[in-house]
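Have a look at the structure below, then the notes.
The values are calculated or read from the model by the stated rules, or taken from the named source; none is laboratory data. Here the structure is a predicted model, which is why all the values come from computation and not from measurement. Here the Cβ positions follow ideal geometry from the backbone for every residue, glycine too, while neighbour counts run over all protein chains shown. Ligands, DNA and RNA are stripped out before the accessible areas are found, and what is left, the full protein with its side chains, is counted by its heavy atoms. Shrake-Rupley method; radii C 1.70, N 1.55, O 1.52, S 1.80 Å.
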Amino acid sequence: MGSVDPNWLPFASMLTFELFKDSATPAPQPAQRNALPKPSTLTQPVGEDHYVRVLLNDEVLTLPTCQAHGKHHSRMGPSLCTLDAFLEHVAPIIATEEEYAKDCGTMPATFDYEE
């Protein structure tokens with residue numbers, strides 16, 4: 001995830017992804033928004049007002065991709081990535097549907113969230 005510590009994590013470590021929605025502070029509009037890979041289980045559109053924070057063993061991680069201006073929450077700082085910046089950061093390590101099908105078989109069923 002871009003941590004500065006290259007060592008193995010302690011046994012039973014916990015990686016937490018928090019998703020936030022901020023309707024008061026609009027995020028910047030990235031040009032490559034539609035080009036970023038999205039999980040196939042994400043069936044609802046997600047707006048520019050969504051942010052992700054990553055914690056490792058209850059300590060906030062600041063991802064390198066989220067440090068640039070416009071890739072994090074303007075008031076909360078680089079520890080709160082825009083959803084697009086987070087997806088950009090994890091894109092190289094997330095399997096595409098084709099890669100998953102080749103390596104693992106069929107994709108799991110998508111979840112249809114009803115309101």
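In the range 1-35, which residues are modelled with pLDDT under 80 and open to solvent by less than 100 Å² (accessible area, probe 1.4 Å)?
Met1, Gly2, Ser3, Asp5, Ala24, Thr25, Ala27, Pro28, Pro30, Gln32, Arg33, Ala35, listed by residue number.
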Looking only at the range 91-107, which residues are touching a residue at least 12 places away in the same chain (Cβ under 8 Å) and not in a helix (DSSP H, G or I)?
Ile94, Thr96, Met107
Cβ pairs under 6 Å, 6+ apart, first in the range 72-90 and small (Gly, Ala, Ser), second part of a helix (DSSP H, G or I)
Ala85/Thr65; Ala85/Cys66
Restricted to the range 51-89 and to residues being surrounded by fewer than 19 Cβ atoms within 10 Å (Cβ to Cβ) and β-branched (Val, Ile, Thr), the residue farthest from the chain's Cα centre (by Cα) is Val60
